[in-house]
Amino acid sequence: MRFLYYTFLALVSLGFLGLIAAVAGLIYIFSYFGHDLPDYSQLKDYKPPVVSRLYAGDGRLMEEYAEEKRIFIPIEEIPPVVKYAFIAAEDKNFYSHEGLDYIAILRAMLKNIQKLGSGQRPEGASTITQQVAKNFLLTNEVSYKRKIREAILAFRMERALTKDRLLELYLNEIFLGGGAYGVAAAAQRYFDKALDELEIHEAAYLAALPKAPNNYHPARNHDRALERRNWVISRLEEDGYITKAQADIAQARPLISATTDSVERVSGPYFAEEVRRELEEKYGRESLYSGGLAVRTTMDPRLQEVATRALRDGLTTYDRRHGWRGEIHRYDDLSDWQDKLVRYGRHPGLLENWRSGVVLDVSANAATLGFADGSKDTLNLSGASWANKESMTALVETGDVIAVSKDAETGDLTLEQIPEVQGAILAMDPHTGRILAMQGGWSARESAFNRATQAWRQPGSAFKPVVYSVALDRGFTPATLVLDAPFVIEDRPGHFWKPENYTHEYYGPTPIRVGIEKSKNLMTVRLADYVGPEAIAEQARTFGVVDDMKPLLANALGATETTLLRLTTAYAQFVNGGYKLTPTLIDRIQDRRGRTIYAHDTRPCLDCGAMIRWDGQPVPDVPDTRERILDPRIAYQLVSMMEGVVQRGTGIRLKSLKWPLAGKTGTTNESRDAWFIGFTPDLVAGVYIGYDEPRSLGRRETGSSVAVPIFKQFMAEALEDEPPMPFRVPSGIRQVRINAETGTRARPGDENLIWEAFITGTEPTGEMFMLDESGIRQVSIEDTRHMRADPEAMGGYRQDYDRQAPTAASRKAVTTGTGGLY
C-alpha cells in the first residue's frame, strides 16, 4: 500500500510539475510571440477601402473609382442568410468561442500529423476572428510562428471587439475573387444582385469562396464550385439555420452566375473625369478611391447624349467640308492582313459604330475591305460621295486602312474620317449653375483633354456682351447711336492699332442694338474707349470671364483667353436677371454611411426635410440668396439685343427654330476659333470649335458657319418636348416701337420698325444722340444721313502717349489696315 501511495504521490507531483511547465510554456509563448504584435485597437474604428460612385442627375450609375472594388455594408444591414452561410462554412462556433476553436485545432493537428512527409499543405483551423487578425494585421505566410501570433491576436481581439464588429470586418474585407472585396461587391459580381436579394443557394456559393476563389469559379470550375456550394448548404441545414426542405430546394438550383452587369450605366466620360479631378482636389486621392463616396452629379443623361451627338455631327460636317485626308494606316504587304489588323487594334478615335478595315482590292466604283475578325465587305463609291473623288481608285489604294460605318437598315458601308478639328459643348441651368451636359472633344478615348474647361482660347466677339453690359449700365440705351467708322490708336511712335469690321465696311451712326446683332468691332471699341478699359476688365472679373484682364482696348474684342465654361456661365448670368452663379458638376456628396458632406444648394429651408409628409400644405418658401451683379432691367436689354442676333444678325441660322432664342457668335483673327453661346429662358449652351494646335479653320469659316449649326442641332433635340416660352421681362421695362436704323420713335412712313426695350424713363424722345471720338453729342437726322453717306471720312485717330501731332503714316492707317473679329 505504501508503494502505491508513494507511486500515486509521485505521479501527482509529476502531473503538477507538468502542468506548471505547460503553463510556464504558454506564458513564455505568449510573452515571446506577443510582445511586438500589431495594435489591434485600430480595428474599432477601421474603415475598409470602399468604392466611390458617381451617379447622374436621374440616379443612374456613371462611374466607379476604387483600388479594391468593395461596397461597405454595416452588419445590421447584412441579411441573416449571408451571415449564417459564412459562419456555417468557416466557423460554426463563432458566437460561442473566445477567438480560438480548440476542437477544430485538435482535429487539424491530427490531420496534419497524418500528412507529415506527404508534401501536402497543412490544414488550418482558423476561426473568423483569426482570419480578421491575419487579413488586417498579419501576412499570408504559412508557418507555425504566424499561426501562434494569429491565435494570440484573436484571443485579445475577442476581448476588445464585439462579435458583430468582428463579423462586419470579415464580411466587408474578405476577397471573393473576380476583383470583388466583401460580400456586397461579390453579390453584384457573381449574381448582379444587391445583397438583400440573394437566395440561399447564392449566399451559400459566396460562402464557398474564401478558401480559394479561383478554384471555385462558377464557369471554369463549375463542378467543383457546385459541390462546394452544396456542402455549405448541408452545413446550414446541420447547424439548424435552414430546414431540410429549404436545403433540398437550394441544392437543386443550378449554379449560374451573371455574365454581364445589368446595372444601367450612362456615358459621360469628359463629365465624369472633370468630377473625378474635382473630388481628388477637394478630398484627396485616398478618399476618392477608398472612401466610399456617393456623388450625385448634375448631368442630365438625355441632354448629355444629345450634346455628344450634336458636337460629333458638327465636327464631322466641318471636317468633310474640308476634304478627305487619307488613310489612318497602311500595309505594303497583305499576306497576313488579318493578324496585322488584330495587332494594330482599335484606333481610339473610332466611334462605337465604326470599324477599321484594310483595302484588299479596289476598282473604279468599289473597294473590298477586310476586317480584324476575318470578314470582308464592300465600300461603294456612293458611300464615299462626300470625299468628292471621281473614282474609288483616286480615293484609296490596296493596303490602306480606313474607317467605315455600316447602315443598320441597308447594310451599306459609309466612308468615315476622324476629324482633326476639336471642340466642346456645354449646357447649363442658368438659374442654378448646374451643368447638365459637357462634351469636351471628339472622343475621350482619343484625348482626355477637356476643351470645355481646360482649353483657354480667345472668345472673339462672343465677349462683346460684357462690353455692352457696361455701356448700358453707364446710361446708354439699345437705341443710342454709336459711330461705325475707322478708328486708329498710335500706342507708340509709328505703331498703330486699327481694328476693322469683319466685312471691312462702315455704316456710320448705328444703334447699339445693331452693333451687337451685326457684331460691329468699331462700335464696340468706341464704347469700350468711352466707358474705359478698366471698367471692361472689372466687368469681366465680376462675371467670371477673366480674373485679371489687362485694361487694353483690344480686349474689348475678345483678345484675352478664357474657357467655354467661364463664358457660358457669364451668359447664364445675363439670362437669369443678373444673378451671380457658381457653376457646379455636383449636387450632393455622401460618405460611406450616407451622411451628406457636401451640397451645392445651401439655401436655408425651415420647412424642408426627408421626414416631412405632404398633406396639401403650401410649398416651403426657400429664400433666394444669390448675389445680384447686374440690374435685371439691363440684363433683359442685353437678352433682347441678343435675341436680335438670332432674328436679324449673325445667328440668323437659328431663326427657323420655334423657340425664342438669343445668343452671340464669336470668331477670332484668321478664324482660329469659332464660338456660339446661346440660350432660352431656362437653358444656356455654349459651343467652341478649334484646333488643339491653333491654326485657321479656313477662309469664311466663322462662329456662324461652324458653331451655330451645332448649337442649333442641340437645341432642336433638347427642347423637342418643351413649349415655346418668351424671355421673362422684369418690372421697370417699357417696350417702345422705334426706327431700327435711327433709334428714334417710330413715325408715320417709317419702314424698318422694331420693338425696343427701354428702362422706364429712358424712352427715346425727338432728340438723337451719338457717340464718336468727341464723346456723346446731339445730332440730327440730316447729320446721320450725311455721315452714313461717307462713314470713312468720319474716322478717328488718337495717340496713347505724349508726343507730337499725328504723322502722315497715322493718317493713312485710318483707311487701310488688317485684322478684325466677328
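Selection of segment 254-282 for residues being modelled with pLDDT of 95 or more and either closer than 18 Å to ARG229 by Cβ or aromatic (Phe, Trp, Tyr) (or both) yields TYR270, PHE271. Filtered by the rule that a residue be over 19 Å from ILE710 (Cα atoms), touching a strand residue (DSSP E or B) at 6+ places or on another chain (Cβ under 9 Å) and either open to solvent by 10 Å² or more (accessible area, probe 1.4 Å) or aromatic (Phe, Trp, Tyr) (or both), segment 422-455 gives HIS431, THR432, ARG434, SER447, PHE449.
Out of segment 543-563, which residues are open to solvent by 30 Å² or more (accessible area, probe 1.4 Å) and farther than 22 Å from PHE711 by Cβ? Listed by number, the residues that qualify are ASP547, ASP548, LYS550, PRO551, LEU552, ALA554, ALA559, THR560. May I ask you to verify whether ARG566 is part of a helix (DSSP H, G or I) and either among the acidic types (Asp, Glu) or open to solvent by 30 Å² or more (accessible area, probe 1.4 Å) (or both)? So ARG566 fits the description; yes. Flag: SER704 matches the condition of being in contact with a Ser or Thr (Cβ under 8 Å, 6 or more places away or on another chain) and either of a type in the set (S, T, N, Q) or assigned to a helix (DSSP H, G or I) (or both). Restricting segment 338-358 to residues that are open to solvent by less than 40 Å² (accessible area, probe 1.4 Å) and either among the charged types (D, E, K, R) or not in a strand (DSSP E or B) (or both) leaves a set whose member that is nearest to SER267 (Cα to Cα) is LEU351. Contact annotation: residue pairs with Cβ atoms under 8 Å, 6 or more positions apart or on different chains, pairing a residue in segment 712-728 that is without any contact (Cβ under 8 Å) to a residue 60 or more places away in the chain with a partner that is in a loop (DSSP other than H, G, I, E, B) and surrounded by 12 or more Cβ atoms within 10 Å (Cβ to Cβ), are LYS712/LEU657; ALA716/LEU657.
Scanning segment 498-519 for residues that are out of contact with any helix residue (DSSP H, G or I) (no Cβ under 7 Å at 6 or more places or on another chain) and closer than 19 Å to THR477 by Cβ yields PRO511, VAL514, LYS518. Among the numbered conditions (1) at pLDDT 95 or above; (2) surrounded by fewer than 15 Cβ atoms within 10 Å (Cβ to Cβ); (3) of a type in the set (Asp, Glu); (4) within 35 Å of the chain's Cα centre (by Cα), tell me where ASP361 comes up short. Every condition holds for ASP361 apart from (4). State yes or no: is GLY119 at pLDDT below 90, under 24 Å from SER234 (Cβ atoms) and outside any helix (DSSP H, G or I)? Here the answer is no, as GLY119 does not meet what is asked. Looking only at residues in segment 204-224 that are over 21 Å from GLN131 (Cβ atoms) and not acidic (Asp, Glu), the one that is most open to solvent (accessible area, probe 1.4 Å) is ARG220. Select from segment 625-647 the residues that are surrounded by fewer than 23 Cβ atoms within 10 Å (Cβ to Cβ), modelled with pLDDT of 95 or more and either more than 24 Å from ASP473 (Cβ to Cβ) or among the polar types (S, T, N, Q) (or both) and list them in ascending order. Across segment 625-647, the qualifying residues are SER640, GLN647. Every test in (1) touching a Phe, Trp or Tyr at 6+ places or on another chain (Cβ under 8 Å); (2) crowded, with 19+ Cβ neighbours inside 10 Å is passed by PRO730 save one, and that test is (2). When GLY399, GLY411, GLY423 are checked against the criterion of being of a type outside the set (D, E, K, R) and within 30 Å of ARG566 (Cα to Cα), a single residue qualifies: GLY423. For segment 626-647, the condition of being among the acidic types (Asp, Glu), outside any loop (DSSP other than H, G, I, E, B) and within 21 Å of PRO730 (Cβ to Cβ) holds for at least one residue. In this structure, THR297 qualifies as in contact (Cβ under 8 Å) with a residue 60 or more places away in the chain, buried (at least 17 other Cβ atoms within 10 Å of the Cβ), polar (S, T, N, Q) and within 30 Å of ILE597 (Cβ to Cβ).
When PRO486, PRO459 are checked against the criterion of being at pLDDT 95 or above and out of contact with any His (no Cβ under 7 Å at 6 or more places or on another chain), PRO459 stands alone in meeting it. Of the strands (runs of 3 or more DSSP E) that lie entirely inside segment 477-536, those containing 2 or more residues that are open to solvent by less than 30 Å² (accessible area, probe 1.4 Å) and over 25 Å from GLU767 (Cβ atoms) span 487-492. Considered as a group, the residues in segment 369-404 that are over 40 Å from the mean Cα position of the chain (by Cα) and not small (Gly, Ala, Ser) include one that is least open to solvent (accessible area, probe 1.4 Å), and that residue is MET392. Could you say whether any residue in segment 570-584 is in a loop (DSSP other than H, G, I, E, B), of a type in the set (Ser, Thr, Tyr) and surrounded by fewer than 21 Cβ atoms within 10 Å (Cβ to Cβ)? Yes: one or more hits.
The values are calculated or read from the model by the stated rules, or taken from the named source; none is laboratory data. These numbers come from a predicted model, not from an experiment. No Cβ is skipped: glycine too gets one built from the backbone with ideal geometry, and neighbour counts run over all protein chains shown. The protein model used for the area step is the full one, side chains on, heavy atoms only, and it has no ligands, DNA or RNA in it. Shrake-Rupley method; radii C 1.70, N 1.55, O 1.52, S 1.80 Å.
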